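What follows is calculated from the coordinates using simple rules that are stated; it is not laboratory data. Computed from a predicted model, the values in this text were never measured in an experiment. When we count neighbours, we look across all protein chains shown, and the Cβ atoms used for this are built from the backbone with ideal geometry, even at glycine.
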Amino acid sequence: MSKKRVVIAGMGFGGLRASKVLAEKDIELIMIDRNNYHLFQPLLYQVATAGLEQEAIAYPLRGLTRRWQGDSFLLAEISGIDLNDKCVLTDSGKVPYDYLIVAAGSRTNFFGMESVATYAFDLKRLDQAEDLRNHILLMYEKASRETDPQKKAALLTFVIVGGGPTGVEFSGALRELIVYVLSLDHPAISATETRIVLVEAAESLLTAMPDELRRYAHDKLRSMGVEVMLETRVVGATAESVELYGGAMIASHTLFWSAGVAAAELAGNLSGVERGAAGRIVVQPDLSLSNHPEVFVVGDMACCVNNGVPLPMMAPVASQQGQYAARMVLARERGKTLPPFHYFDKGSMATIGKSSAVATTAGFNFRGYIAWLAWLLLHLYYLIGFRNRLVVMMNWTYAYWFQERQVRLITAKKRRAVPV
């Protein structure tokens with residue numbers, strides 16, 4: 001009797017966790033991804049702010065699969081899924097499956113604002129982090145030789161949209177890069193000439209966290225020199241300005257967008273499935289599709305309701321769902337079943353700057369140095385590969401003691417074209 005084939009579409013946090021459960025089991029496992037590496041997205045902002053090398057937060061997928069006898073990896077772009085014919089459509093041909101775990105992740109949601117999508121930077125891919133780092137460094141190079149005060153001010157103004165963990169962490173890291181590194185590299189430019197504006201549509205930052213941690217993050221960023229604009233929305237952009245709701249304009253050449261995500265494009269290519277907010281696919285309590293129980297959707301693509309509210313699009317959710325879906329496949333092959341998926345919320349955290357972070361877990365709130373240390377250790381733990389952990393730890397240690405960022409490389413003077 002031939003082995004059942006399990007295909008994992010996407011090797012982000014959900015796909016990776018599923019693959020580890022299914023590795024070297026009595027099945028044929030095929031993993032598909034457009035990249036040949038797993039990307040640790042929570043640290044992309046540190047690549048963009050010259051804190052880490054790109055390679056330190058990525059791990060080659062074949063480095064995993066070569067240890068798993070009988071399992072394979074396919075580097076391919078997934079264009080669709082034929083649910084009736086039970087095959088994944090890729091640019092390398094059709095890949096049939098008996099079970100399918102869809103873990104294609106998410107894309108940035110610009111909420112239909114084409115001008116913002118054209119001019120804003122976002123962080124979903126490794127090359128985007130490099131582009132943003134190049135751009136930030138180039139703004140300083142241009143400002144150092146600009147004689148017009150207004151043009152110079154626009155070059156040194158950085159607008160960040162979204163007061164969630166990514167926006168808060170990027171704001172703090174960028175401010176530290178400016179104060180401790182770029183102001184020394186460019187002595188003609190004072191750190192006080194640089195303006196960082198964090199724009200949030202809600203009435204507070206880090207809305208998922210308790211009030212005391214929100215206030216701490218807000219106060220800490222302001223003390224660092226970050227301008228925080230709450231209950232403010234960005235509605236448009238050009239190459240040299242950002243437009244706010246109400247008509248106000250901020251002269252700036254840099255707009256970083258972290259204000260929303262939507263399901264990956266693949267979700268829109270599936271026919272006959274129910275969709276929720278942000279294009280996410282509605283799944284059953286066991287994460288399968290209602291009319292196709294052999295197909296599981298996990299992570300950011302899945303609209304899984306918990307206590308009447310869809311689970312957030314976060315890495316911990318994707319990891320737990322990927323593990324559960326893989327266990328469901330194994331259980332079915334043994335003629336068994338599992339209880340419905342239940343997300344165990346371990347809490348959330350965000351770093352603000354050196355020795356400063358906020359964290360909440362199991363009803364306990366932490367802030368300052370203890371939360372920052374916990375953030376460091378947890379991110380080191382979840383990184384894949386001993387070398388990556390060692391490199392990241394060395395970079396963090398060096399930056400902590402010497403206030404230095406070594407990865408100040410301008411590798412291109414033009415931004416890459418946005419993929420269609």
- Of all GluC sites (Glu not before Pro) in the range 196-232, which ones are in loop regions per DSSP and have a Cβ with at most 12 other Cβ atoms within 10 Å? 203, 231
- Note on the structure: When the chain is treated as a Gaussian network with springs between alpha carbons less than 10 Å apart, the largest mean-square fluctuation among 359, 208, 18 is found at 208
- Query: What pairs in 124/414; 4/346; 124/354; 20/124; 124/336 have C-alpha atoms more than 27 Å from each other?
  - Reply: 4/346; 124/336
- 0 to 90° range, to nearest 10: angle between helix 315-333 axis and the chain longest Cα axis: 10 degrees
- How much mean residue ellipticity at 222 nm does the chain get from its helices, if each DSSP H run of length 4 or more adds -39500 (n - 2.57) and you divide by all residues, to the nearest 500 deg cm²/dmol? -9500 deg cm²/dmol
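Can you tell me what share of the DSSP beta bridges in the chain is antiparallel? A percent to the nearest 5 is fine. Mind dumping the intermediate values first?
Values: 35 of 67 bridges.
Looking only at bridges with both residues in the chain, the antiparallel portion is about 50 percent.
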- Task: Note the angle between two axes, namely the Cα long axis of helix 369-382 and the longest principal axis of the Cα atoms of the chain, as a number of degrees from 0 to 90, rounded to the nearest 10.
- Result: 40 degrees
- What angle, in degrees between 0 and 90 and rounded to the nearest 10, separates the Cα long axis of helix 211-224 from the longest principal axis of the Cα atoms of the chain? 40 degrees
- Message: Residues of the range 324-360 with the amide nitrogen closer than 19 Å to a label point 7 Å from the Cα of residue 26, along Cα-to-Cβ, please.
- Response: 326-338
- Considering only 361, 351, 232, give the residue with the highest GNM mean-square fluctuation for the chain, with springs between Cα atoms whenever their separation is below 10 Å. 361
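Using the beta-carbon distance between residue 305 and residue 34 and R0 = 22 Å, what value does 1/(1 + (r/R0)^6) give for FRET efficiency, to the nearest 0.05? Don't skip to the end; give the middle numbers.
Numbers: r = 29 Å, r/R0 = 1.33.
With a Förster radius of 22 Å, E is 0.15.
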- Which residue, 32, 78, 370, tops the fluctuation ranking in a GNM of the chain built on C-alpha contacts under 10 Å? 370
- Message: Check which residues have an amide H placed less than 5 Å from residue 157's amide H, if you skip close sequence neighbours.
- Response: 195, 253
- Note on the structure: Taking a ≥ b ≥ c as the square roots of the eigenvalues of the Cα gyration tensor, with a/c under 1.5 meaning rounded and otherwise prolate when a/b exceeds b/c and oblate if not, the range 1-107 is prolate
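Efficiency by 1/(1 + (r/R0)^6): what FRET value for residue 5 and residue 147, r their Cβ-Cβ distance, R0 = 45 Å, to the nearest 0.05? Before the final figure, lay out each step's value.
Details: r = 65 Å, r/R0 = 1.44.
Efficiency, rounded to the nearest 0.05: 0.10.
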- If the cut-off is 16 Å between C-alpha atoms, which lysines fall inside it for residue 94, apart from same-chain ones fewer than 8 positions away? 86
- Note on the structure: Everything considered on the Cα gyration tensor (a ≥ b ≥ c; rounded for a/c under 1.5, else prolate if a/b is larger than b/c, else oblate), the range 223-378 must be described as oblate
